[in-house]
Amino acid sequence: MSKIAIIGFGSLIWDLDDLAPNVYGGWKMYAGPTLPLEFSLISKKRQLALALVIDHQDGQFCPTCIIDSSQTELAPAISDLAARERTDKSNIGFIHRNTHDYFCWDKRTHDVLRDWIDKSLYDAAIWTDGKRNFEEFTGNVFTVKNAIQHLDTLNQVGVNEAKRYVSKAPKQVQTPLRHQLEKSGWLTA
């Protein structure tokens, strides 16, 4: 039996959706590991708006949040999070302190999570571990300028979703793109 932390940094924090019956307690804001985050994932679910993703190339190190899974075994906890994210289990990262089992797309993520889990009271942690897809989707290198140009191509539904997502992201998740969007007034325009 394990105590499992679910790490959140994006929409999971304000919308547990069908994960809600599988957690207990509230979010422990900014108590999770510090991870490099950026809005460099183009989300089909979010009308092509940009979503947060662990991004070791352009991400800014930001604190994450944690909530406790009601599951005591890793496999069902992973299934719960994959169902909420409407993704394959291969996009859910995990690390177990005692067995040393883990999965993540980037070894640097493992290193950060290994350090964090060893200092925590948790036996395991899971998180959404999607891959940034900005370049693949747009054909352009991810930069703040190119990201804003992408946002300018969205229809009104996509723009509204982008503004909602960026505005609702935890306040301490300050990335270069978010900083520029706030500074320019784009979020309130």
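Quick grid of which residues meet (1) of a type in the set (D, E, K, R); (2) within 21 Å of W116 (Cβ to Cβ); (3) buried (at least 20 other Cβ atoms within 10 Å of the Cβ); (4) at pLDDT below 95:
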site: I6; (1), (2), (3), (4): no, yes, yes, no
site: F9; (1), (2), (3), (4): no, yes, yes, no
site: I13; (1), (2), (3), (4): no, yes, no, no
site: K28; (1), (2), (3), (4): yes, yes, no, no
site: R46; (1), (2), (3), (4): yes, no, no, yes
site: P63; (1), (2), (3), (4): no, yes, no, no
site: I78; (1), (2), (3), (4): no, yes, yes, no
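May I ask you to verify whether E73 is touching a residue at least 12 places away in the same chain (Cβ under 8 Å), more than 21 Å from Q174 (Cβ to Cβ), crowded, with 17+ Cβ neighbours inside 10 Å and among the acidic types (D, E)? Answer is no for this residue.
Conditions tested, residue by residue: (1) farther than 20 Å from A82 by Cα; (2) within 12 Å of the chain's Cα centre (by Cα); (3) not in a loop (DSSP other than H, G, I, E, B).
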position: I7; (1), (2), (3): no, yes, yes
position: L12; (1), (2), (3): no, yes, yes
position: D15; (1), (2), (3): no, no, no
position: D18; (1), (2), (3): no, no, yes
position: P21; (1), (2), (3): no, no, yes
position: Y30; (1), (2), (3): yes, no, no
position: E38; (1), (2), (3): yes, yes, yes
position: L41; (1), (2), (3): no, yes, yes
position: L50; (1), (2), (3): no, yes, yes
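Among the residues of segment 111-136, those that are in contact with a strand residue (DSSP E or B) (Cβ under 7 Å, 6 or more places away or on another chain), modelled with pLDDT of 95 or more and under 22 Å from A51 (Cβ atoms) comprise V112, L113, A125, I126, W127, T128, D129, N133, F134.
When only residues in segment 154-175 that are in a helix (DSSP H, G or I) and in contact with a strand residue (DSSP E or B) (Cβ under 6 Å, 6 or more places away or on another chain) count, which is farthest from L12 (Cα to Cα)? Checked segment 154-175; the qualifying residue farthest from L12 (Cα to Cα) is G158.
The values are calculated or read from the model by the stated rules, or taken from the named source; none is laboratory data. Only a predicted model underlies this, so the values are computations on that prediction, with no experimental measurement involved. We place every Cβ from the backbone using ideal geometry, glycine too, and count neighbours over all the protein chains shown.
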